[in-house]
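Structure, as structure tokens:
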Amino acid sequence: MRTGSARAADRFDLIVAAPGSQTDVLLTAVFLRPGTTKLLPPEVTARLLNDKRAVFVAPIGFGDSHRGAPIVGTTSQLVIHLSNELQEGRVFARREEAVVGAASPMKVGETFRPTHGIPRDGNPEEDTDPHEHGSMITVVGRMKPTGSPWDSAIMLPVEHVWQLHSLPDGHEEGSEAVGPPFDPTRTPGVPAAVVRPTTIAAAYQLRNAYTTNESMAFFPAEALTRLYSVMGDLRQLMSLLAIVTQALVLMAIVMGVLLLFRFLVPQLITLRALGAPRLFIAAIAWGFTATLVLAGVVLGLVAGYGLSYGVSQWLAADTGVELTPTLASSEYLIAVSILATGWILALLPAYVVQRRSLAMSLAES
């Protein structure tokens, strides 16, 4: 999840929003989760959108959806920045045009009417006030996969989103222009804006300039780091529980093998009666247990990866973040540790078997 979320936020250099929770803004702007973030004051929004220290500043506007997919009002610069180049079609050039994400079922050339309201957890029935706007939108392009919730979103010119909600559209009255420059006197507030600085130095200048009582600016990595620290604490707790569980399982395996050896005693007695040395009997006992442990480790890795893959696909479908499980060095180290511990514990049944006298074994059988 750390890898998938970091990949999803990688293209968002700097985010500016109204003062509040950076995590809430991150979830809203990057992961497109419905939230209750405040709007930037219009004067701050106007100054930010026309700031010359940025390659571009893309406002992000919400409020509408279509068949459960969020509609995001933004600029063509952000669409191109997230996708590098489109997979199909072109970016929007008019207010009644849209670009869809790579995972959207909509096709280029298809038309639709935006629905007011944002569905909670993708459920259109939970819209606060579902009704169609009268505007007809045409899909003109499709983005390449980004590995983020934007793959399922629909991008419109932010001017059209403002216009649909009876807000100033950022340009002179009666104008149908899209994109920058924006008219400072006709620019409304926005939930957040994505800033692409010209240089690293400009990024820190912008971050300091818009960290005020009216706005906050932050790098997504800052908010992600706090989330990762919480995830790290949970991971440590789960790792401790896993170690305890693995130790109990290993002990259960050894006890189970000792019980199983009672069914193998006749065969071992026969070997002893035929003159097999104690060391040979111990090697058979150890090899039997060691093989079971080896098979368990191999099957555990395969089954664990398969389960992780299934859970990842379920989470990816729910969050929109591309999640790909991998077997890293830590997993292989755990597997080797379990295997070594199991092989050491396998000496116990081998020791018990080879220490039993032939007469005692014959008497018990």
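Brief remarks follow.
- Dimensionless Rg over Rh [region 242-353; C-alpha; Kirkwood]: 1.17
- Euclidean distance between Cα centres, region 284-332 to region 186-260, Å: 23
- Met255 sits with roughly 110 Å² accessible to a 1.4 Å probe, with DNA, RNA and ligands left out of the calculation.
- Sorted largest first by accessible area at a 1.4 angstrom probe radius, with every protein chain in place, the residues Lys144, Lys38 fall in the order Lys38, Lys144.
- Over all orientations, the chain has a Cα convex hull whose mean projected area works out to 24.5 square nanometres.
- A Cα-only calculation for region 213-296 places Rg and Dmax at 25.8, 91 Å.
- For Phe56, nonlocal amide neighbours, meaning residues 5 or more places apart or on other chains whose placed amide H falls under 5 Å from its own, are Arg196.
- Of the solvent-accessible surface of the chain, computed with a 1.4 Å probe and all protein chains present, 63% belongs to carbon and sulfur.
- HN-Hα J in Hz across region 295-301 - Karplus 6.51, -1.76, 1.60, θ = phi - 60°, x for Gly and Pro: 4, x, 5, 5, 5, x, 4
- A 1.4 Å probe run over the protein chains yields, for the chain, 52 Å² of accessible area per residue, whole-number rounding.
- 3J(HN,Hα) along region 190-206: 10, x, 6, 9, 9, 10, 10, x, 6, 9, 5, 4, 5, 4, 6, 5, 5 Hz, from the Karplus curve 6.51 cos²θ - 1.76 cosθ + 1.60 with θ = phi - 60°, whole Hz, x for Gly and Pro.
- ³J(HN,Hα) computed for each position of region 158-170 - Karplus, 6.51 cos²θ - 1.76 cosθ + 1.60, integer Hz, glycine/proline x: 4, 4, 6, 5, 4, 5, 4, 9, 6, 10, x, 9, x
The values are calculated or read from the model by the stated rules, or taken from the named source; none is laboratory data. Keep in mind that what you see is a predicted model, and the values were worked out from it rather than measured. All accessible areas refer to the heavy atoms of the entire protein, side chains included, with ligands and DNA or RNA removed. Shrake-Rupley method; radii C 1.70, N 1.55, O 1.52, S 1.80 Å.
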